[in-house]
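Here's the structure, in structure tokens; my notes come after.
The values are calculated or read from the model by the stated rules, or taken from the named source; none is laboratory data. All figures in this text were calculated on a predicted structure; none of them were measured in a lab. Every residue, glycine as well, gets a Cβ built from its backbone with ideal geometry; the counts of neighbours run over all protein chains shown. For accessibility, only protein heavy atoms count, side chains too; no ligands or nucleic acids. Shrake-Rupley method; radii C 1.70, N 1.55, O 1.52, S 1.80 Å.
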Amino acid sequence: MANKKGANAVVLFVFMFLINFVVSESDNGRELELLLSFKSSIVHDPSGFLSNWDPSATTFCQWHGIACNNLSHVETLDLSAKNLSGILVSSSVFNLPFVKTLNLSNNHLYGEIPPDIFFANSSLRYLNLSNNNFSGHIPNGFISGLVILDLSNNMFSGKIPREIGLFSGLKFLDLGGNVLLGKIPISISNITTLKYLTLASNELVGSIPHEIGKMKSLKWIYLGYNNLSGEIPKEIGVLTCLNHLDLVYNNLTGQIPSSIGNLKDLNYLFLYQNKLTGSISNSIFGLKKLVSLDLSDNSLSGEIPELVAQLRNLEILHLFGNRFSGRIPNALTSLPNLQVLQLWSNRFSGQIPQSLGRYNNLTVVDLSTNNLSGRIPDGLCSSGRLFKLILFSNSLEGEIPRNLSTCTSLQRVRLQNNRLVGELSFTKLPLVYFLDVSNNNLSGNIGEQNWDMPSLEMLSLAGNRFSGKLLPHLLNAPKIEFLDLSGNEFSGTINPRFGTLTELMQLSLSENKLSGEIPEDLSSCKKLVRLDLSHNQLSGQIPSGLADMPVLGHLDLSENRLSGEIPAKLGQIEPLVQVNISYNHLTGALPSTGAFLAIKESAVAGRNNLEPKRVENGDGSIWELQFFDPKVSKSVTMDDITLSLKESNVISRCKEGVSFKGKSVSNDLQIVVKEMHHVSSLPASFWSEITGFGKLQHPNIVKLIGKCRSDKEARENKKMNEKSDIYGMGLILIELLTGKTPADAEFKVQYSSMVEWARYCYSDCHLDMWVDPVIKSQASINQNQIVAAMNLALHCTAGDPTARPCAADVFETLKSAFRTSSCLPSLNFSSPV
């Protein structure tokens, strides 16, 4: 009997084994089919990671990226960061019946994900599709056992499905970095197991649901970079497990709820770039575990209480860009871990706490643009780690602390626009790359000091009372790009060694007491874009070598004692768009090329020879202007003349023309302007005869002080021709290079047109300040091409049509400039523009 029972057991075991074997074989066949289907959808596998996915060579449990369970079923598929690209087919790895972990993140997969993804598999616990190019809507459905769902950094659009609340087992949900629309569904609050929630960097609108208070397991909330509005729900204050709250870059309004003070485990509180108002509740200063507090760029007000002393773990405090007032609390000086303190652009007043830095661990201090007074504390660098010190635009007084001159960790120092006095001791700091102490009352003979600033790229000492000679070889700053020593009392000659500063892009020595000649050696500064030597006592001729500076865009030599003729080659510098040579002793004619074609009248005022010149007035029109009296030429401008031509100023009319009364805006000099009719019918000798009358001086003859003429009216009525097309081409180039359009509001406020703005930016600003952000990343390797293109655009938009290049020249310039460029879209150069 016993033997019979044993035999039955063996038969039963064999029978069950056969059933499991048959089922297993069937499942394995289905899994193999799904895996091969996925492989066939991959169009690019640069590393050959899927090369061993060959059923004829090995079982799929041995394939790359696959881990199987004890029954040889796929349990884990991890193909993250393999640079795979392709579009997923509907019957794919999402249908693997036993898979628990599916990770396809950090690839280049695209297209819509299968619509049944959340219905097909109930065994899935981990799904990560982040950092791909998936698009379309997030599918409906749910998997109740799913623990981690990461769909971040794709291109998913549409609304977050209401079914999201049915993922009842989720602990991690990241839908950030997509293009999701609509409101945050209230149903999301049903996921009471959730610990990590990020919906950041989408286009979500509406308010944060008050029901969020039900999600008591949350440790991390990141809803920043959306368009959320309304007030921060006070119910957040019951999420006592929270250690990270980030609601930045939204349109949240109202006050910061005091209930946030209940979040005793909170380490990070980020609410910056919203529209929050009111004062900071005292309860916030009871969050003793806070490491970083950033409430910047809101409209918060009131004073910062001494209760801030309770934040003993605080490392970063950002309150800039608000309306805080009162004194900076002394309690800040007692925070031992404080590293970054940024309170700029507020209304703080009084002194900076004098012990600031002595008991902190400061690396960054920015208190600029406030109403602070008193002295700079001498312990700011006690940590030995301070690398950024920004205190500009206050009313700080006294001397710069001596111990800051030994703060070798410093890299960026900005103390401009204060009332500081004494000498400058920042001369031997090896890491400083940016130093600006302009517009103070600093003094001393620093011209002969030995500087040791090998990292220095920007130095501005402008607007102080520094004196002495300029000996640039003592500067020891081979990387310097911007040097502004203007508005001081430097004397002596411009040392030829300035030519050794080959990285210079801007040099301003204006408003000093410099004498002697301009050294030819300056032409060695091949990267110089702006050169300003105005308001000195320089003599001699303008060096012809300046014409060899290939990117010079702004040249100001005005208010000196320069003599001789203007080098003709100076007009051949293509990038040169702004020139001022007024009030010197120059002779001869202006160069007939380049920037001199449309030079503004004020830029050549005070020339002794009174030769005819082409000038541009306020409305952009070009005039030929000649004065017969050097004194009058300093006070009467082309705008004064054209502004007088209005009906209310008419004195008399005759068949030859109309007489108008006018005056000089600068000194109220009364003038009479006669506008001639039928100019085209005047004899050729008329203008030379007028010049003769201008030289007559007799008490009984009305004094003729000048003549001017323009064919603006007849011309800037003609139909569109090639030159006007070229102007349009110039506008398009400016738009391509800057990302701006003529309709931008800033042009209406500060500039008369986009062209005027572009001329200013090209001559006065670094390329990074005006180039389109879309191509900014390529600017460093294509700088010459971008500069060449902007120079061409400004020539195409010259006020005088005759100064604009022809279509063939535009074509050749573009072809040359962008033959090797990678920053702009490909252009077809098979035919002229």
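For the range 118-153, state which chymotrypsin sites (Phe, Trp or Tyr not before Pro) are in a DSSP loop and have at most 15 other beta carbons lying within 10 Å of their beta carbon.
Values: sites: PHE118, PHE119, TYR126, PHE134, PHE142; in loops: PHE118, PHE119, PHE142.
Answer by residue number: PHE119.
With N set to the number of residues, divide the alpha-carbon radius of gyration of the range 301-442 by 2.2 N^0.38 Å and report two decimals. Walk me through the numbers before you get to the answer.
Working: Rg = 14.1 Å, N = 142, 2.2 N^0.38 = 14.5 Å.
Here the Cα radius of gyration is 0.97 times the empirical estimate.
Would you tell me the accessible area of THR493, worked out with a 1.4 angstrom probe on the heavy atoms of the protein chains, in Å² to the nearest 10?
Roll a 1.4 Å probe over it and THR493 shows about 80 Å².
Could you state the number of Å between the C-alpha centres of the range 469-533 and the range 59-123?
One Cα centre to the other: 65 Å.
Aspartates and glutamates within cross-link reach of LYS82: Cα-Cα under 17 Å, excluding same-chain residues under 8 positions apart?
ASP45
Taking the structure as given and computing log10 I(q)/I(0) by the Debye sum over Cα atoms at q = 0.05 Å⁻¹, which label from [x] -0.62; [y] -0.45; [z] -0.24 fits?
Recomputing log10 I(q)/I(0) by the Debye sum over Cα atoms at q = 0.05 Å⁻¹ here gives the entry labelled [y].
At a 1.4 Å probe radius, carbon and sulfur cover how many percent of the accessible area of the range 132-266? Display every interim value, and only then the final one.
Numbers: 2720 of 5120 Å².
Answer for the range 132-266: carbon and sulfur cover 53 percent of the accessible area.
How big is the accessible area of LYS703 in square angstrom, nearest 10, if you roll a 1.4 angstrom probe over the protein chains?
Counting only protein heavy atoms, LYS703 exposes about 120 Å² to solvent.
222 nm [θ] for the chain, helices only, -39500 (n - 2.57) per DSSP H run of 4+, per residue, to 500?
Details: 9 runs with 118 residues, N = 833.
Value at 222 nm, helices only, nearest 500: -4500 deg cm²/dmol.
Looking at the range 69-152, which trypsin sites (Lys or Arg not before Pro) are in a loop (DSSP not H, G, I, E or B) and have at most 10 other Cβ atoms within 10 Å? Numbers along the way, then the final one.
Details: sites: LYS82, LYS100, ARG125; in loops: LYS82, LYS100, ARG125.
The qualifying sites: there are none.
Would you mind estimating how fast the range 85-230 diffuses translationally, via Stokes-Einstein at 4 °C and 1.567 mPa s with the Kirkwood radius over Cα pairs, in µm²/s? Present the calculation step by step, with values, prior to reporting the outcome.
Values: Rh = 15.3 Å.
Value of D from the Cα-based Kirkwood radius: 85 µm²/s.
Please list, or write none, the aspartates and glutamates whose alpha carbon is within less than 20 Å of the alpha carbon of LYS159, excluding same-chain residues fewer than 8 places away.
GLU112, ASP116, ASP150, ASP174, GLU203, GLU211
Provide the per residue accessible area, probe 1.4 Å, for the chain, rounded to a whole number of square angstrom. It would help to have the intermediate numbers written out before the result.
On the way: 38010 Å² over 833 residues.
Value returned for the chain: 46 Å² of accessible area per residue.
In the neighborhood of LEU311, defined by Cβ-to-Cβ distances under 12 Å, what is the net charge if each Lys or Arg adds +1 and each Asp or Glu adds -1? Walk me through the numbers on the way to the answer.
Details: positive: LYS288, LYS289, ARG312; negative: GLU306, GLU315.
Cβ neighbours under 12 Å give a net charge of +1.
Distance check, please: which entries in LYS195/LYS776; LYS513/LYS663; LYS646/LYS707; LYS569/LYS740; LYS264/LYS388; LYS216/LYS288 exceed 28 angstrom between their Cα atoms? Please list the in-between numbers first.
On the way: LYS195/LYS776 39 Å; LYS513/LYS663 35 Å; LYS646/LYS707 18 Å; LYS569/LYS740 33 Å; LYS264/LYS388 32 Å; LYS216/LYS288 21 Å.
In this structure, LYS195/LYS776; LYS513/LYS663; LYS569/LYS740; LYS264/LYS388 lie more than 28 Å apart at Cα.
Give the aspartates and glutamates reachable from LYS219 as a straight Cα distance under 13 Å; neighbours fewer than 8 places away on the same chain don't count.
ASP246, ASP265
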